[in-house]
Each structure stands twice: as C-alpha cells, then as structure tokens.
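Take a look at the structure set out below.
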Protein chains: 2
Amino acid sequence: MPTASLTTLYASRADGITGSVIDASTSLLQRQTHDIVRMAMGSPAREAIPSAIFGDLLAELSADCSSVFDYGPTEGDRELRRALLDFLPLHGTRVDPDELLVTSGGMQGLDLVCKLFVDPGDLVTVEAPTYTNGAATISGYEGRMVEIPGDADGMDIDALACVADDEGPPKLIYTIPTFQNPAGTTLSLDRRERLVELAEGWGAVVLEDDPYGLLRFEGEPLPTLRELGAGRVRVIGVRTFSKILAPGLRVGWLEAEPEIVARMIDARQAMDTCTSPPMQRLVARFLARGHLDDHLVALRGEYRRRKAALQEALADELAGLGATWTNPHGGFFLWLDLPPEIETEALFPLALEEGVAFIPGPAFSIGGRFSNALRLAFSAEPPERAREGVRRLARAIQRLRSA
Amino acid sequence: MPTASLTTLYASRADGITGSVIDASTSLLQRQTHDIVRMAMGSPAREAIPSAIFGDLLAELSADCSSVFDYGPTEGDRELRRALLDFLPLHGTRVDPDELLVTSGGMQGLDLVCKLFVDPGDLVTVEAPTYTNGAATISGYEGRMVEIPGDADGMDIDALACVADDEGPPKLIYTIPTFQNPAGTTLSLDRRERLVELAEGWGAVVLEDDPYGLLRFEGEPLPTLRELGAGRVRVIGVRTFSKILAPGLRVGWLEAEPEIVARMIDARQAMDTCTSPPMQRLVARFLARGHLDDHLVALRGEYRRRKAALQEALADELAGLGATWTNPHGGFFLWLDLPPEIETEALFPLALEEGVAFIPGPAFSIGGRFSNALRLAFSAEPPERAREGVRRLARAIQRLRSA
C-alpha cells in the first residue's frame with residue numbers, strides 16, 4: 001500500500017487548505033469563474049503548441065490506423081527510438097539504444113526509478129525546495145527523505161556531505177539540477193562534479209530529473225550529471241516532451257544503464273504495458289522531420305521574454321516590499337521570497353480573489369518550510385498577462401498585510 | 001524495489017526459454033522472418049480497428065490541438081467521463097461519477113489496485129491458470145499468491161474456501177470471471193454469488209479484471225461481481241478499450257467506491273499524471289457519436305466466426321490426438337489441453353518453425369503448471385488463417401512426438 005502522495009505529505013498541517021497544497025490549489029482554481037492569471041502550474045505556453053504541424057501529423061496517422069493503434073513495444077516505438085537516437089547527439093547527449101526507454105511522461109520515469117531503487121526506510125535526499133510529485137513518489141515507496149538546502153547555484157553539496165556523515169550515505173540522490181522546479185536555479189559545474197564524486201564514493205544512485213534542460217535561454221550549457229557520471233556513477237536521466245512539445249502527449253524518455261533499462265521494461269509490463277503508440281509516432285515524425293530544433297529556438301526566445309517581463313514586473317511592484325527572486329537561465333519557474341511575516345498559504349485565496357494563481361512555498365517541502373515563499377510559472381502566460389498577474393499579487397499582499 | 005514481474009516468476013525454471021515465457025515468446029516471435037499465424041498475443045483483429053472513423057476523429061482533434069494537448073484531469077477527460085457515464089448504463093452498469101476513474105489501459109487499473117491493497121506478504125488468490133501480467137503485478141508488490149484451480153464454470157469456489165481454511169482469509173481475490181484469460185471460461189452465476197458471499201464474510205477486496213465482458217457472442221449475460229457485490233463487498237472492476245476498440249489508445253477505466261477512486265487519483269499523480277488527453281478525446285467522441293454499439297455488434301459476430309473456425313480446425317486436426325479445449329462464450333482465448341507427455345514449452349520453438357505462435361501453459365501459472373496446455377488467441381487471425389495455424393500446430397506436435 002505504498003501510496004502516500006501529497007495528501008499524506010501534508011496531512012499533518014491543518015492550514016485551511018485541506019489535503020495537499022497543490023491538489024487544493026488546483027481544485028480551488030478550477031472552481032473560479034473569473035479571470036485568473038495562470039502562474040501556478042507548469043504548463044507550457046498554449047500558443048507554443050505546434051498545432052498546424054500536429055494537425056498534419058495526425059492526418060498522416062489516420063492513414064496508418066491499423067498498425068499504430070495496436071500494442072507497441074514496451075521499450076518504445078521503433079520510429080521514436082530511432083528519431084531520439086538521431087536527435088540527442090545533436091544536443092550533446094550520447095545514448096546507446098539499450099540505454100534508452102520511452103516512458104509515459106517524465107513522471108513515469110520518476111516512478112520507475114523509485115520502484116527499482118527505493119525500498120521502505122531507504123535514505124533518499126531531496127532538494128529543499130523540491131518538485132512536489134517527485135517527493136510524493138519517493139514517499140509512496142516509503143523512502144526516508146532528507147532535505148538538502150540550496151542557493152542560487154543549486155543544491156548545497158556541503159550540506160549533502162553532512163547528511164551522509166550524520167545518517168550514513170543516501171541510497172538515492174534526487175535532484176533537478178537544471179532550471180530547478182520550483183526554484184529556477186541551476187547547479188553549478190563545480191557542484192555537479194562534487195555531487196558525482198560523492199555519489200561515486202557512496203555507491204549512490206543519482207536520479208537526474210531534467211524536464212527543462214533543452215530550454216536554456218541564457219548562459220552557457222553545462223554537462224548533465226549523467227554525462228559527468230558516465231562509467232562511474234549510476235545516474236538515471238529522466239526527460240520528457242511535456243515541456244518542450246506538449247504535456248498531453250504523455251511521452252517522455254529515460255536514459256540509464258542497459259541493465260537498469262531492462263529491469264524497467266519488465267516493470268512496465270506490469271504497469272501500463274507501453275506508451276500510447278499514436279502519440280509516440282506523432283513525436284517521432286515531429287523529430288524526424290527536423291521540427292524540434294526550430295521549435296526549441298522559438299520556445300527559448302518566448303520563455304526568455306516571458307521571464308524578463310515577470311522579473312520587470314516584480315521589480316516594479318514588489319521590490320519595495322523587500323521581496324527577492326531567483327534568476328532562472330531556462331525552464332518555466334521563478335522562486336519568490338517575501339518578507340517572513342507573509343504566509344503564502346494565507347495569501348493564496350486572496351490572490352485567487354484578485355485573479356492570480358501561484359503555488360505556495362510549503363508545497364515544495366516535505367518539512368513544510370518556505371512559508372513566506374512561492375513559485376511563479378512564467379511559462380503559461382504572455383508578458384502583458386504576467387505584469388497584470390504581479391499587480392494582482394501585489395494587491396493581495398497589501399490585503400493580507402492590512403487584515 | 002517491488003519489481004519482480006515475469007523474470008522473477010520464472011527464474012527458478014531453467015527450461016531453455018530464459019527469462020519469462022511470454023517475454024521469450026515475444027522476442028523469439030519478433031526475430032522470425034517467415035510467415036507466422038499469430039495466435040499468441042491477445043491482440044484484437046487488425047481489420048476491426050475502425051480506421052475510417054478514427055481518421056475523421058483525428059482530423060477533428062487537429063483542429064483543437066492547443067487545449068487537448070495540455071495536461072488533463074487525473075480522473076479523466078471530462079468528455080470521456082460524460083460519454084462513459086452515458087454508455088455504461090445501456091450495458092447494464094450503473095456507475096456514479098465519483099466511482100469512475102479513467103486509466104492508461106486496464107493494466108494500469110491492475111497496478112493501481114495492487115498499489116493500494118497489496119502489501120508484502122498479503123495473501124492474494126489468483127486463478128490457475130491466470131493472466132500472466134496480473135500475477136506479475138501482484139508479485140511486484142510482494143503479495144503471497146495462492147492458486148485456485150478452475151473448470152468449465154470458472155474458479156472452483158470450494159477450493160477458494162479451502163485456502164481460507166488453511167491459510168486464513170485472503171486480502172485480495174484476483175479474478176477474470178468473464179471469458180477468462182487464458183482459459184476462455186466464464187464463472188457461473190451460482191459461483192459468482194458464492195464468491196461474493198465469501199468475500200463479504202472475509203472482508204476481502206475483489207479485483208474483477210474484465211477486459212472482455214462486452215464481447216459476449218454466445219449465451220446469456222451474467223451480472224458482474226461488482227453488481228452482485230454492490231453495498232456488501234469492495235469489488236473493483238477494471239475495464240479497458242484495448243480489446244473493444246484499440247490497444248494503442250492505452251485508455252481504460254475502473255469502477256470502484258468513491259473513497260478508493262480518490263486514493264487512486266492521488267496515486268496517479270505520482271505515477272503518470274494523467275492518460276493522454278488526445279487519446280481520451282478520440283474515445284469520447286467515438287462513444288458520444290454512438291459508434292461503439294455498432295462496433296461491438298460487428299466485433300461479436302467476427303469473433304464468434306473466428307472461434308468457431310478455430311474449434312472446427314481443432315476437431316479436424318487434434319481431436320484424434322486426445323486434445324481437448326474450452327468453449328468460450330466471448331473474448332479472445334481458448335485453452336487447449338494436450339496429452340500429458342507433450343510439453344508445450346518444448347513444442348513452442350517447433351511451432352514457430354512451422355509458422356504458428358501460441359503461449360505455453362506454464363506462462364499462466366505461478367507454480368509453472370499446465371506443462372501440456374497452451375493458450376490460443378482466436379482474435380487476431382481470420383478463420384482461414386486459424387485453420388492453417390492449427391495444421392501447422394499439428395505438424396509441430398508430430399515432430400515433437402517423433403523427436
């Protein structure tokens with residue numbers, strides 16, 4: 001019965017938002033009928049979904065229904081695997097065919113890693129803050145989580161080393177090193193190297209959750225932990241098309257040693273058999289026709305603009321309050337720290353009333369930390385809407401302060 | 001690390017087919033370049049995939065890309081839920097909205113039930129023979145499985161009662177009561193009632209795996225265990241569009257008490273977030289336009305013909321050998337018992353050489369029973385091909401006997 005998830009994670013905190021913070025936020029959000037600036041969820045820009053190309057590819061698929069609607073191979077559609085094996089090296093990743101597994105979104109990649117490597121009581125380090133559903137998955141397999149704090153350069157590796165001194169070496173290190181969810185920060189090269197060294201010394205498995213890596217819009221690319229750890233550490237890279245193409249595809253992939261991939265294929269057969277072949281084929285042809293590179297260029301430009309607009313608005317509206325925020329070089333999210341007395345869970349319903357949604361900081365911590373912080377997604381809304389969202393947020397903060 | 005699956009189930013049997021029987025069969029099968037009559041896997045007739053309607057619906061979806069390719073609700077696409085809630089009552093099933101969960105195929109339904117209800121060491125009864133991946137899922141959660149034999153009327157309920165006397169009441173009863181996979185048999189009404197009574201007395205959960213229930217082509221409909229157990233027993237009905245529409249959709253559904261559905265929604269958020277919305281929407285519109293009823297009528301007729309042809313061929317080619325077989329009233333499979341000295345795992349490679357594929361009996365038993373039995377799927381191949389397949393099977397048996 002390993003199915004804790006968010007509800008359990010947050011069950012101990014009675015804060016007016018019942019159940020999990022994100023569930024409650026989503027459910028409250030869905031009940032709103034007035035205009036809301038959507039900065040809560042990590043949805044890509046709707047305008048960025050390549051509808052015209054998808055339309056053509058769907059029409060193509062319809063000519064080929066009988067084969068593509070049958071069961072597909074558990075390891076992934078052959079066309080998609082081939083397209084990925086061609087695409088990835090152009091983006092600095094060398095993957096052998098038997099190191100590649102197609103998954104039903106990145107979320108399933110996290111689930112598979114935990115299914116294989118997390119037994120009840122196993123020590124797993126997570127970042128603070130961390131991705132809520134990642135922590136929920138680890139919790140579901142009854143891993144014993146310890147939070148590692150971070151700063152603008154990502155996870156604090158000294159703190160990671162200290163945990164091992166205190167509690168013994170972790171079995172699994174869960175990290176989102178690049179354009180972290182929710183903080184927006186990126187683990188520096190030096191820290192990446194130290195993390196890999198520590199993991200090597202401990203024999204720990206590293207779960208590199210990387211949904212945003214291809215969405216760098218500033219700064220220099222860094223090697224992935226999987227590249228740095230090659231031949232030394234078992235790093236499993238979990239990737240997805242959800243953020244770079246469309247979440248509704250439910251197609252992701254995972255890079256790991258062949259022995260791990262083989263075990264995961266076995267596990268998948270008792271989970272969901274395979275990822276929807278028509279959706280895989282759609283992605284395969286998008287890649288094979290060379291659309292993804294152009295698409296990524298367009299996305300990076302758009303998200304750079306959206307982030308800049310959000311930061312500008314924050315400077316205009318919230319800097320005076322003593323708010324500070326991170327400076328992501330890619331991805332979807334920015335982390336906002338408000339003055340200590342501002343409880344973002346109390347702020348949330350007021351913000352909804354004003355017409356803006358975010359996720360309160362405590363949703364991203366197994367210890368319920370970050371009470372005065374929140375995550376803002378700049379991905380879903382265009383610049384002018386983000387500015388309006390921040391104005392609404394500022395009004396909600398004023399109301400909370402004068403309450 | 002609960003990820004036993006087939007490899008573990010069969011690891012103890014060194015029989016020339018390494019790994020699991022089904023994996024090995026599939027992999028051997030994929031390496032064949034000559035013509036093979038496909039009676040191994042439970043694939044629907046390719047000719048039965050409604051390509052023209054799917055083509056139209058895919059074209060419609062392409063006009064609506066931006067919304068349908070975003071994340072969808074974990075409980076299922078609204079259109080699909082509405083269509084199912086309209087469709088199911090016409091087929092004798094009353095379901096409230098909060099009793100319904102859309103899943104990524106029936107397999108995920110099995111996984112969710114086991115995730116919630118199977119803890120290491122829990123007693124779970126399975127049928128002998130049973131669905132391989134169902135047993136693999138239970139094994140993955142480290143359930144302690146006990147096999148319950150059956151006959152032409154399905155599971156032997158006296159044997160079920162005996163198990164409880166010997167080992168205490170089971171926590172979960174896993175059954176495929178209707179057109180069973182692999183046996184093709186159907187649990188009689190009397191046994192259904194007794195099963196529900198026993199489960200009620202024990203407080204056991206019943207997992208009613210029902211991929212084929214809508215494909216009855218002979219005999220009178222029977223109430224599902226979920227209907228019989230309503231208000232008395234926690235019966236979870238796991239259903240799928242894989243067999244009645246197309247496996248590649250990866251869309252199924254599950255019927256359970258609201259409290260169970262709510263917990264499963266939580267679990268899904270840490271598993272795969274949601275089922276692909278475009279595939280759900282395709283199914284929704286197929287249902288909403290009333291296509292499924294016509295389609296089911298056509299499928300039933302076709303599968304009735306295919307079964308009859310297979311049985312005729314078996315009577316012509318194998319009755320003389322002392323072979324016997326079941327008489328399914330629906331579904332995809334028929335179970336063939338050969339004389340005791342014929343080991344179907346040894347027969348398998350010879351049959352492939354002759355150009356016919358099946359699954360050897362031991363693949364369907366956690367104890368490796370049924371060494372002289374095999375499963376034949378009559379779903380995938382048209383009548384004349386089934387006849388040719390049986391002729392090839394007869395030749396393989398002759399070769400094995402004279403070896």
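Where a number appears in this text, it was derived from the coordinates with a stated rule and is not lab data. From a predicted model like this one, the values you see are computed outputs, not experimental measurements. Backbone-built Cβ (ideal geometry, glycine too); neighbour counts: all protein chains shown.
Working note: Karplus 6.51/-1.76/1.60 with θ = phi - 60° gives region B:328-334 the couplings x, 9, x, x, 10, 10, 9 Hz, where Gly and Pro are set to x. Residues whose amide H comes within less than 5 Å of that of B:MET145, counting only those at least five positions distant or on another chain, are B:VAL124 (H built at 1.01 Å from N in the peptide plane).
Coordinate range of the alpha-carbon atoms in region B:210-285 per principal axis, descending: 38, 30, 18 Å.
Spatial offset of region A:173-248 relative to region A:324-341 amounts to 20 Å, using the alpha carbon center of each. Each other copy holds its own label point for A:ARG369; taking that point as 7 Å from Cα along Cα to Cβ, the gaps run 5.6 nm, nearest first. Convex hull of alpha carbon positions in chain A: directionally averaged projected area 19.3 nm². Under 5 Å between amide hydrogens, built in the peptide plane, is the criterion, and for A:LEU215 it picks out A:GLY331 among residues at least 5 positions away or on other chains. With the label put 7 angstrom out from Cα along the Cα-to-Cβ vector, A:ASP190 ends up 8.1 nm from the copy partners, going from closest to farthest. Look at the stretch B:135-142: the mean tally of other chain Cβ atoms within 10 Å of its residues' Cβ atoms is 3.
In loop segments of region A:327-403 as defined by DSSP, the GluC sites (Glu not before Pro) with at most 14 further C-beta atoms inside 10 Å of their C-beta are A:GLU341.
Derived scalar couplings between HN and Hα for region A:229-235 equal x, 3, x, 10, 10, 7, 9 Hz in order, rounded to whole Hz, by the Karplus curve 6.51 cos²θ - 1.76 cosθ + 1.60 (θ = phi - 60°), x for Gly and Pro. When the convex hull of its Cα atoms is viewed from all sides, region B:51-291 shows a mean projected area of 12.6 nm².
In this structure, A:ASP86 and B:SER67 have a Cβ-Cβ separation that, at R0 = 25 Å, corresponds to a calculated FRET efficiency of about 0.20. Relative to the other identical copies, B:GLY201 shows label-point distances of 6.2 nm, where the label point lies 7 Å from Cα along the Cβ direction and values run shortest first.
Here the sum of -39500 (n - 2.57) over DSSP H runs of 4 or more residues, divided by the residues of chain B, equals -14000 deg cm²/dmol at 222 nm, to the nearest 500. The share of Cα pairs per 20 Å bin across the protein assembly as shown, counted from zero up to the longest distance, runs 16, 48, 30, 6, 0 percent.
Hydrophobic long helices, here whole DSSP H runs in chain B with Kyte-Doolittle means of at least 0.0 and Cα atoms spread over 18 Å or more along the helix axis, are found at B:78-90, B:105-117. Among the trypsin sites (Lys or Arg not before Pro) found in region A:269-322, those both in a DSSP coil and sparsely packed, with 16 or fewer other Cβ atoms within 10 Å of their Cβ, are A:ARG289.
Fewest neighbouring Cβ atoms within 10 Å first, the residues A:LEU160, A:LEU189 line up as A:LEU189, A:LEU160. The antiparallel fraction among DSSP beta bridges confined to the protein assembly as shown stands at about 55%.
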